[in-house]
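Step one of this worksheet: look at the structure below.
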Amino acid sequence: MSKAQLNAELKALLSRIYERGGTVKGRFNCRNGAEHPDWNEIVTEVKKAIAQRDRQ
């Protein structure tokens, strides 16, 4: 899987969680059993800058 594909998958997952009222920030542990590595993800919400035209 390419970095772009992974980003697209994560974007879709986080968007679905947000749209359903879930929490999409914080630390998440992903345990995969003995045959796969485990991961620890930290998701941080980033506030978007308001465009100048939106302020008027």
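The values are calculated or read from the model by the stated rules, or taken from the named source; none is laboratory data. The structure displayed is predicted, hence computed values, not measured ones. Using ideal geometry, Cβ is built from the backbone for each residue, glycine included, and neighbour counts are taken over all protein chains shown.
Some observations on this one:
- Number of positions in the range 25-41 that are loosely packed, with under 10 Cβ neighbours inside 10 Å and either under 15 Å from Leu13 (Cα atoms) or under 14 Å from the mean Cα position of the chain (by Cα) (or both): 3
- Glu35 meets all of the listed conditions (1) at pLDDT 90 or above; (2) charged (D, E, K, R); (3) part of a helix (DSSP H, G or I) but one, namely (3).
- Conditions (1) exposed (fewer than 10 other Cβ atoms within 10 Å of the Cβ); (2) modelled with pLDDT of 90 or more: number failed by Lys47: (2)
- A count restricted to the range 15-26 and to residues that are out of contact with any strand residue (DSSP E or B) (no Cβ under 7 Å at 6 or more places or on another chain) and closer than 14 Å to Val43 by Cβ stands at 6.
- Among the residues of the range 1-22, those that are among the polar types (S, T, N, Q) and surrounded by 10 or more Cβ atoms within 10 Å (Cβ to Cβ) comprise Asn7, Ser15.
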